[in-house]
Each structure stands twice: as structure tokens, then as C-alpha cells.
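The next block holds one structure in the form of C-alpha cells; read it before the comments.
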Amino acid sequence: MSDPSAALTDPQASDPIPDLLENVIGISQYISVSYWVGQAIDAVFDVNPFEWVAQEMAGDWEAVQRAGIALKNLGEFSAEYANSITTACGAVAHDWQGNAADSANEYFTGLAGTVGDQQQSLEAMGGDFETTAVGMYEAAAAIKGSLEMLMDLLIALGLELAAAAASSWTVIGPVLSGAAAVATVSKALGVWGDVLQAHTIAWNSAQGLVGLVAGYLGTLDDLEKHALPESNYDHPGV
């Protein structure tokens, strides 16, 4: 007989998208001043400020992914546990007769059915958790990239304002620098809008998951409904 508890392994989170693919897609980051500043800070303080802020805004995707894996493991455990109950009942059915045997068989058959029926809901709920985790991961990556771009634009804006001040003795210098600064401010506001949009997407995904989980919980039968049978034991030899 198999051991159902073998399905209850410790869930481990994994990177949804390989780093190599991310680096190819986000190759423009390597010309970002802020990206390298973040890498330098990470090397010194063991924390990347842009990644930290992004995770705070998008949520802990690793915890959500682990929860999804744990739910799927629990679904597998339920299926194995139901099979074990059914197998055990079949093993004693030939040697145990009477009212108590009938009551026990009815109880354990119902219990096995209830436990087994939970597998589909648990696996579906686990899949939604994992899908949400990927969405949170993508949102965090988008926020991180946008924050780096925003910082680059703010650095450029500072240089443009400094150039305007330094060329104040000329006529055309402040005009050109001022026009460039206005354009940079416009770009920066657009990037900040992207950050807020990514945060909103992550929040809406989390709220949607809450609704789905509430629905799944309604499909999980309460094991307390299967109270132990109350029947007199009438062994034929007594």
C-alpha cells in the first residue's frame, strides 16, 4: 500500500522565466545608469533597491507560488489517501460481517469519496495560485525596469537643468535646455504611470485570486459531516 504522506513534500519556488531569456528580452537595461547603480548597491549591501521596491509593490510571488504547489500536493495526497481507505476497506470486507461492518463500510466509503473529490478543487486552486504568482513576478519585473528607467530620466533631467543654469548667460542655451527638460519630465510622468499601472494589475490579480479561492472553498466538503457511525457491534459469536 502506498504512503499518501509522500505527496506532502516541501514546496519550493522556482524562477518562472529563465534569467537568460530575461536578459535577452531586457538587453536595453545594460545601457541604463540606474541598472548598474542598483547592481553596485546590491554588491555592497546585498539588496537591490529597485528589486526591493518592486517586490514591496507587487507582492511576494515566491510565497504565492509555494502555496500553489502545496495545494497541488495536498490534492495528490487526497487522491492517494482515498485510494488507501478504499483498499483497506476491501481487505477486511471478506472477514468482517454484521451491522458494525456495514456501518463501517458505509462510513469509510463516504469518507473516501469526500476526500477523493477534493483533489480536483485543490489542484485547480493550486494552479490559479501558480498563475497568479507568475503575474506577480511579471509585474515586479515591469516595476523594477520602469523604476530604473524613471531614475535614468531624473538623472537626465538634473543634467538638463544644470545645463540651463550653466548657460544662463547665453540666449539660446536656456531655451534648448528648458525644452529638453520639459520633454524629459513628460517621459518621466509616462514611466511613472506605467509603474502605477503595473501595481494596479498586480493588485487586481490578487483580488481576483481571493474571489476564486472563496469559490473553491465552497466546493471542499467538510470532513466533520462524516461522523463516526453509531451502531451496536453484533459479532455472531457473542
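Tabulated values for the structure
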quantity	calculated
Within the accessible area of region 51-94 (1.4 Å probe), percent carbon and sulfur	56 percent
Ranking by accessible area, most exposed first, for ILE143, ILE69, ILE155 with a 1.4 Å probe	ILE155, ILE69, ILE143
Nearest-10 value in Å² for the accessible area of THR132, using the 1.4 Å probe	20 Å²
Exposure of LEU196 as accessible area (Å², to 10), given a probe of 1.4 Å and all protein chains	80 Å²
With DNA, RNA and ligands ignored, accessible area of TRP192 (1.4 Å probe; Å², nearest 10)	110 Å²
Probe 1.4 Å, protein heavy atoms only - accessible area per residue of region 75-136 in square angstrom	50 Å²
Whole-angstrom gap from region 35-74 to region 75-95, using each part's C-alpha centre	42 Å
Restricting region 45-153 to chymotrypsin sites (Phe, Trp or Tyr not before Pro) in coil, as DSSP defines it, with at most 15 other Cβ within 10 Å	TRP96
Solvent exposure, largest accessible area first (probe 1.4 Å, DNA, RNA and ligands not counted), of LYS72, LYS187	LYS187, LYS72
³J(HN,Hα) computed for each position of region 159-165 - Karplus, 6.51 cos²θ - 1.76 cosθ + 1.60, integer Hz, glycine/proline x	5, 5, 5, 5, 5, 5, 5
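The values are calculated or read from the model by the stated rules, or taken from the named source; none is laboratory data. Since we're looking at a predicted model, the values are computed, not measured. As a convention, Cβ positions derive from the backbone with ideal geometry for all residues, glycine included, and neighbour counts pool all protein chains shown. Quick note on the areas: whole protein, heavy atoms, side chains included, nothing else; ligands and nucleic acids left out. Shrake-Rupley method; radii C 1.70, N 1.55, O 1.52, S 1.80 Å.
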